[in-house]
Amino acid sequence: MMMINRQNWRTTLEAVGIPIAAILFSLVLFGIFCAAAGSNPFAVYASIYKAAFGSWHSFQNTLIRAAPLMLSSLCTALPARLGLVIIGNEGALVVGGLGAVAAGLALSSAPPTLVQIAMALAAIVCGGVWIGAVGALRYYRAVNETISSLLLNYIAIALLNHLVGGVMRDPSSVNKISSYPIPDVNMLGNIPGTRVHYGLIYGLVACAIAYFLIQRTTFGFAARTAGGNIRAARIAGLPVGKLTMAICFLAGSCAGLAGMVEVAAVHGRANESLNANYGYSGILVAFIARHNPLAATIVAIVLGGILASGGILQRAHGLPDATVLVFQGLVFLVVLYSESLYGRLPFFKEQSTDSPQQPPSSEQPSVATV
């Protein structure tokens with residue numbers, strides 16, 4: 001029993017220690033980048049902290065950016081339980097936002113609560129079908145899900161530009177082509193006493209439900225079993241095809257809901273701002289969190305703070321606004337490399353304490369081998 005507990009302790013330490021070490025190493029690399037750009041790395045880190053968590057006002061900005069990251073991260077985290085690597089988060093978010101705008105405009109005269117529910121359902125269905133198509137291509141035609149989901153991102157962005165510049169275009173939008181606006185009465189409000197919209201509640205609830213679904217239900221157990229060994233899952237009679245379609249639909253629906261949050265709580269309409277790279281950042285959140293929905297909430301808040309610091313880095317240090325994207329890229333590369341270290345570092349392996357077997361003495365009878 002003591003050996004089992006010690007091994008569990010080492011496994012937990014590995015699951016926590018390697019991501020933390022990867023992030024710390026990313027900070028070192030980013031510090032070198034800032035120094036090469038002529039800025040003091042420690043001053044840059046201090047500015048990032050100040051912009052993200054230095055005050056209640058800045059922390060609210062962080063939470064606003066964390067909400068879509070929580071939802072979009074599930075688009076990668078959930079299929080990973082089946083062994084699928086899906087990166088179509090941005091596309092599902094965009095089509096979810098388009099579906100939400102279409103529903104909001106079509107039902108603009110209905111009661112606000114009904115309109116918000118309709119926008120959420122439209123976003124869930126659009127995002128779910130979008131990523132569900134990736135699952136169908138993977139299972140029924142053996143199309144690589146990573147490539148197909150990546151290509152669908154570009155199709156979604158092209159669809160956004162086509163619709164916003166065509167049938168959904170508001171003629172009054174000149175400088176920035178946009179769709180017709182959602183009436184203010186139908187917009188998502190803010191949490192009382194804050195500037196943070198209710199999209200944060202959507203994200204927290206979705207991550208909690210996803211964790212319960214994967215870790216505490218037979219459906220989640222079946223998905224994890226299929227992800228561990230799909231051949232054994234088929235032999236055991238598990239419906240792998242249905243599991244793939246269901247997981248992919250749920251994953252896409254979460255990213256689609258992130259699109260609804262953006263249009264119904266932030267922008268009020270569909271335009272190029274809907275393609276704000278929250279989907280791509282959600283991939284990073286999922287990998288850092290090791291595809292754990294609960295851990296994704298914390299990682300999303302941290303990454304949301306980094307995204308909120310882009311402006312201050314430009315004003316205070318003369319760095320480009322895209323510097324935070326460089327930081328994200330470094331973190332993503334290091335985290336991907338750290339995946340190869342699991343199970344290989346000697347420190348996290350249980351050391352055998354058994355003494356070498358002694359040959360039988362002449363006084364003791366030896367066991368004959370047959």
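The values are calculated or read from the model by the stated rules, or taken from the named source; none is laboratory data. Computed from a predicted model, the values in this text were never measured in an experiment. We place every Cβ from the backbone using ideal geometry, glycine too, and count neighbours over all the protein chains shown. Heads up: the accessible areas ignore ligands, DNA and RNA and are worked out on the full protein's heavy atoms, side chains in. Shrake-Rupley method; radii C 1.70, N 1.55, O 1.52, S 1.80 Å.
Things worth noting here:
- For beta carbons closer than 8 Å, sequence separation of 6+ or different chains, a first residue in the stretch 69-98 that is farther than 19 Å from Ala122 by Cα and touching a residue at least 24 places away in the same chain (Cβ under 8 Å) and a second that is among the charged types (D, E, K, R) and open to solvent by 10 Å² or more (accessible area, probe 1.4 Å), the qualifying pairs are Pro79/Glu145; Arg81/Arg224; Leu84/Arg138; Leu84/Glu145; Val85/Glu145; Ile86/Glu145.
- Annotation note: Cβ proximity below 6 Å between a residue of the stretch 201-219 that is free of Cβ contacts under 8 Å to residues at least 40 places away in the same chain and a residue that is among the small types (Gly, Ala, Ser) and assigned to a helix (DSSP H, G or I) (sequence gap 6+ or interchain) occurs for Leu213/Gly220.
- For Ser47, the test of being at negative phi, in a helix (DSSP H, G or I), surrounded by 16 or more Cβ atoms within 10 Å (Cβ to Cβ) and among the polar types (S, T, N, Q) is passed.
- With respect to the conditions (1) surrounded by fewer than 12 Cβ atoms within 10 Å (Cβ to Cβ); (2) modelled with pLDDT under 80, Lys349 falls short on a single one, namely (1).
- Residue match in the stretch 318-329 (condition: surrounded by fewer than 22 Cβ atoms within 10 Å (Cβ to Cβ), more than 28 Å from Ala158 (Cα to Cα) and of a type outside the set (Asp, Glu)): yes
- Taken together, the residues in the stretch 170-183 that are open to solvent by 30 Å² or more (accessible area, probe 1.4 Å) and over 17 Å from Gly99 (Cβ atoms) amount to 7.
- Residue under evaluation Gly343, criteria (1) farther than 22 Å from Leu29 by Cα; (2) crowded, with 19+ Cβ neighbours inside 10 Å, criterion not met: (2)
- Test: residue in the stretch 264-279 that is open to solvent by less than 40 Å² (accessible area, probe 1.4 Å) and under 25 Å from Ile18 (Cβ atoms): no
Residue-wise test of (1) hydrophobic (A, V, I, L, M, F, W, C); (2) open to solvent by less than 20 Å² (accessible area, probe 1.4 Å).
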position	(1), (2)
Ile191	yes, no
Gly203	no, yes
Ala210	yes, yes
Leu213	yes, no
Gly220	no, yes
Ala232	yes, no
Leu250	yes, no
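- Residue within the stretch 50-57 that is without any contact (Cβ under 8 Å) to a residue 12 or more places away in the chain and either open to solvent by less than 40 Å² (accessible area, probe 1.4 Å) or hydroxyl-bearing (Ser, Thr, Tyr) (or both) present: yes
- Of the criteria (1) more than 20 Å from Ser108 (Cβ to Cβ); (2) of a type outside the set (Ser, Thr, Tyr); (3) surrounded by 15 or more Cβ atoms within 10 Å (Cβ to Cβ); (4) out of contact with any Phe, Trp or Tyr (no Cβ under 7 Å at 6 or more places or on another chain), which one Leu163 fails: (1)
- Long-range neighbours under 6 Å by Cβ, at least six apart or interchain, first residue open to solvent by 30 Å² or more (accessible area, probe 1.4 Å) within the stretch 14-43, second assigned to a helix (DSSP H, G or I) and at pLDDT below 90: none
Here is a yes/no grid of residues against (1) among the aliphatic types (A, V, I, L, M); (2) modelled with pLDDT of 95 or more; (3) over 30 Å from Pro171 (Cα atoms); (4) over 11 Å from the mean Cα position of the chain (by Cα):
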residue: Asn271; (1), (2), (3), (4): no, no, no, yes
residue: Ser281; (1), (2), (3), (4): no, no, yes, no
residue: Gly304; (1), (2), (3), (4): no, no, yes, yes
residue: Leu307; (1), (2), (3), (4): yes, no, yes, yes
residue: Arg315; (1), (2), (3), (4): no, no, yes, yes
residue: Val335; (1), (2), (3), (4): yes, no, yes, yes
